[in-house]
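See below for the structure under consideration.
The values are calculated or read from the model by the stated rules, or taken from the named source; none is laboratory data. Given the structure is predicted, the values throughout are model-derived calculations rather than measurements. All Cβ positions, glycine included, derive from the backbone under ideal geometry; neighbour counts span all protein chains shown.
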Amino acid sequence: MQIIRSLWQGKLELSKDMAEVIYQCPTCNACAEACAYEMDNALMYEALRAELIDAGCGLEAHIPMNKAMVELLNPYERDNKQKNEWISKLDFEIKDAYSEKADVLFFVGCTAALTPEIQTVAINTAKILKKLNVDFAVHGEKEVCCGSVALRTGNWEAFNSVALKNYELFKKSGVKTIITSCAGCYRTLKVNYADFLEDLNIKVLHTVEFIRNFIEQNDIEMKQFGINVTYHDPCHTGRNAGDTPLYEEPRELLRKIANLVEMKTIKENSKCCGAGGGVKKGFPDLALEIAKSRIREAEATGAEYIVSICPFCYRNLSDAIKALNSDIKMADLTGLINKALG
């Protein structure tokens, strides 16, 4: 914040050295919770990053990622047809949102669709929706990145490119409810797409939020496993989720199927996993150290599992578990819910 103030006052100039400092922030917004001033600090940091990019001082590591987002429709530099791979692992058919109408659009997200070890998030979500008899569709290979990583790293041009494509896809689908199992997609669609989704009369829910409401309304039973779990709040479903953070909904579901043991820092005070804001891509060692700190906090609870609702958190915390040779296991809540539904 002092750097931003000094820029406004003309005491500093944008530079590559400044970028090295500013891009080490995962934009988790914990500082905004602790600060006496009521400001969205992360929004300020993202704006500063946009100015750094405009001045040609952006982080080199982020250039191919954002370029791929525009040209290949995903930041992983993969053929977007690979977003069909997880669908082929199901033993039932899913509607194609591009050509078929459905009540709900499941926005999978690039991380769950394209990362083999995390495709279980997409698969479990689809299986849950099938078991609940929800009429849903996906865009598969036509799904366009939500643009979250472009926004967080300050590349508004890349974000606007994919946002416009998504607007046209959502409009064509005619869907009125979008659900996603990715915290980053959730925050981006709910907060950053708010104006044009309101124009299309579309409501955005995290999958866990949707499932919790559905289970309550239909009085659906789930199996209680009796295992001890602790819950990690993703920053994008908590501090960065606007006026309605998802703190209670995942915990309500967890208590139905397991024994929830809380960590020392939770909800608005939760520690970040370290992957956000482009840190995983730009400073992987730093991202891993932050994740290790969170895993140590989870280990202190004595829980068997650390559970989250974000593929980015899943990936980074899993890396930390391996690096620490920890006995704790990583789980996405969709996996536990799928098993609990039988």
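Numerical summary
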{"read-out": "Whichever residue in segment 87-105 is in contact with a helix residue (DSSP H, G or I) (Cβ under 7 Å, 6 or more places away or on another chain) and among the β-branched types (V, I, T) and, among such residues, is surrounded by the most Cβ atoms within 10 Å (Cβ to Cβ)", "value": "I87"}
{"read-out": "Options L333, L254, L317; residue that is among the aliphatic types (A, V, I, L, M), touching a strand residue (DSSP E or B) at 6+ places or on another chain (Cβ under 9 Å) and within 21 Å of S148 (Cα to Cα)", "value": "L317"}
{"read-out": "Answer from G342, G277, G335 - the residue that is within 17 Å of C28 (Cα to Cα), of a type outside the set (F, W, Y) and in contact (Cβ under 8 Å) with a residue 12 or more places away in the chain", "value": "G277"}
{"read-out": "Test: residue in segment 82-105 that is under 22 Å from G154 (Cα atoms) and not basic (K, R)", "value": "no"}
{"read-out": "Among the candidates A42, A112, residue that is of a type in the set (A, V, I, L, M, F, W, C) and modelled with pLDDT under 95", "value": "A42"}
{"read-out": "Selected residue (only one of P75, P116 is in the same structural domain as C185 (by TED's automatic domain parsing), surrounded by fewer than 24 Cβ atoms within 10 Å (Cβ to Cβ) and either closer than 18 Å to C313 by Cα or under 15 Å from the mean Cα position of the chain (by Cα) (or both))", "value": "P116"}
{"read-out": "Where E33 falls short, out of the listed (1) in contact with a helix residue (DSSP H, G or I) (Cβ under 7 Å, 6 or more places away or on another chain); (2) at pLDDT 95 or above", "value": "(2)"}
{"read-out": "Unique match (being surrounded by fewer than 16 Cβ atoms within 10 Å (Cβ to Cβ) and touching a helix residue (DSSP H, G or I) at 6+ places or on another chain (Cβ under 8 Å)) among I220, I178, I211, I215", "value": "I220"}
{"read-out": "Unmet criterion (only one of (1) modelled with pLDDT of 95 or more; (2) assigned to a helix (DSSP H, G or I)) for N133", "value": "(2)"}
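Residues are listed down the side, and each one gets a yes or a no for (1) over 21 Å from K203 (Cβ atoms); (2) assigned to a helix (DSSP H, G or I); (3) in contact with a Pro (Cβ under 6 Å, 6 or more places away or on another chain):
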residue	(1), (2), (3)
L105	no, no, no
V121	yes, yes, yes
E141	yes, yes, no
V144	no, no, no
A150	yes, yes, no
F159	yes, yes, no
A163	no, yes, no
F170	no, yes, no
